[in-house]
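Visitor: Here it is: the structure, laid out below.
Read-outs: derived from the displayed coordinates by stated rules, not from any lab. Note that the structure is a prediction, hence the values are computed from the model and not measured.
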Amino acid sequence: MLNNFAVCGLLNIDYPIIQGGMAWLGTAELVSAVSNAGGLGVIGSGDAPTEWLGQQIRRTRERTDKPFAVNIMMMSPFLADNMKLVADEKVGILTFGGGNPGGYLADLKEAGVKVMPVVSSIALARRLERLGADAVIAEGMESGGHVGETTTMALVPQVAGNVKVPVIAAGGIADGRGLVAALALGAQGVQMGTRFICSEECVAHPRFKEQIIQAHDRATIVTGVSTGHPVRCLENKLTYRFTELEKAGASKAELEELGKGKLSLGVMQGDIEQGSLMAGQIAGLIREVKTVKAIIHDIMAEAQQVIDALGNHRMKG
Ligand code: TUI
């Protein structure tokens, strides 16, 4: 059986599977399901108010005794209050996205918090390792939401070759083959977002889940490159409009205005044309909504099969 992963020891979890800290969707329902199934559930604080985050931490604790994390989105208008809250609530594990959390690491280390920043470059991975990161999540541009510029295939082995802390691969992973590929590239585990959206427990609107089920390999598009905040979503009327405006040279303010409130409109209210449907390129591989437990079980079982089959290959002679 696949076991002995450094990240499992570090985080006190059974399987090297971490749930992406998705805004609106990383709620107590999904987080507790992932942690109860032996992975690491992650509350996605996004740009939600601090009160909401506090409520989700309490609701998660009511539903699980297992370790879970909070993802802090560095662009949140509530960043300072959110950081104070997770310290007061003694959340033991934090992931970070959408910016550089370097300035917070010394205090977090002193408080004994385990810190796993998301990185999309070697430079940032090395800097954050030096400042005390316990692991880094190397996220390729296949991911949904806010993305970097390098693919998972190219990024993971380069980051793994340049840091000593465990590397978790993210972006384009949704099954056992992806897990084994990540391990082959030098990662110790995987983070998945899109796969967990299509779980029974995720609070995403059923129409959003159905859009992922129906998605094909080229269903996503990156918009917002001109604003400095490129975001990958399922293509729809909103992304067409966004692309048109960008091509016409619209200002950053105009583009930000168009994007306002659109994530909850898409993923919670199920407006699949006018809402923002953040999802990764691997959406095309996802064919059914399953329980979180089945998702994790099936990935681990498939990964073992793939490794056994690879063991029969001989590269020479
Ligand atoms: O954070 C993400 N994905 C996200 S955050 C998000 S919330 C949002 N909503 C609307 C518009 C824009 C964002 C949606 N999806 N993934 C982790 C991630 N972090 N990817 C890339 C980064 C990153 C970017 C820059 C990490 C560090 C960084 O630092 C820049 C620097 O200072 O070096």
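Visitor: Lysines near LYS293 by alpha-carbon distance under 22 Å, same-chain residues fewer than 8 away left out - which ones?
Guide: LYS66, LYS209
Visitor: A further question follows. Restricting to Cα pairs below 8 Å that are 6+ residues apart, what does the relative contact order work out to for the chain? Please round to a whole percent.
Guide: Relative contact order of the chain: 17 percent.
Visitor: Check cross-link reach from LYS290 to the aspartates and glutamates: straight Cα distance under 16 Å, and skip same-chain residues fewer than eight apart.
Guide: Filter leaves GLU29, ASP175, GLU200, GLU201, GLU210, ASP298, GLU302.
Visitor: Next question, about the same structure. Using a ≥ b ≥ c from the Cα gyration tensor of the chain (square roots of the eigenvalues), is it rounded, prolate or oblate, where a/c under 1.5 gives rounded and otherwise the larger of a/b and b/c decides, a/b for prolate?
Guide: The shape class here is rounded.
Visitor: Right, here's the next one. What does the C-alpha gyration tensor say about the overall shape of segment 51-205? Classify as rounded when a/c is under 1.5, otherwise prolate if a/b is larger than b/c, or oblate.
Guide: Taking the square roots of the gyration eigenvalues as a ≥ b ≥ c, segment 51-205 is oblate.
Visitor: Here's a follow-up. Under the rule of at least 5 residues apart or a separate chain, name every residue whose amide H is placed under 5 Å from the amide H of ILE168.
Guide: Answer set, sorted by chain and number: VAL136, ILE137, ALA138, GLN188.
Visitor: Sticking with this one: Amide H of SER276: which non-local residues (sequence gap of 5 or more, or other chain) have their own amide H closer than 5 Å, using H built in the peptide plane?
Guide: Long-range HN contacts for SER276: LEU263, LEU265, GLY266, VAL267.
Visitor: What are the ³J(HN,Hα) values, in whole Hz, obtained from phi via the Karplus relation 6.51 cos²θ - 1.76 cosθ + 1.60 with θ = phi - 60°, for each residue of segment 11-26 in sequence order, with x given for Gly and Pro?
Guide: With coefficients 6.51, -1.76 and 1.60, one gets 9, 6, 10, 8, 10, x, 10, 10, 8, x, x, 7, 4, 6, 9, x Hz.
Visitor: Return the aspartates and glutamates within reach of LYS237: Cα separation strictly under 12 angstrom, same-chain partners fewer than 8 residues apart disregarded; answer none if there are no such residues.
Guide: ASP271, GLU273
Visitor: From the Cα gyration tensor of segment 138-285, with a ≥ b ≥ c the square roots of its eigenvalues, which class applies: rounded if a/c is under 1.5, or else prolate if a/b is larger than b/c, or else oblate?
Guide: Judged from the Cα gyration tensor, segment 138-285 comes out oblate (a/c at least 1.5, b/c at or above a/b).
Visitor: Let me ask another. Can you give me the long-range amide H partners of GLU142? Hydrogens built in the peptide plane at 1.01 Å from N, cutoff under 5 Å, separation of 5 or more residues or another chain.
Guide: THR152
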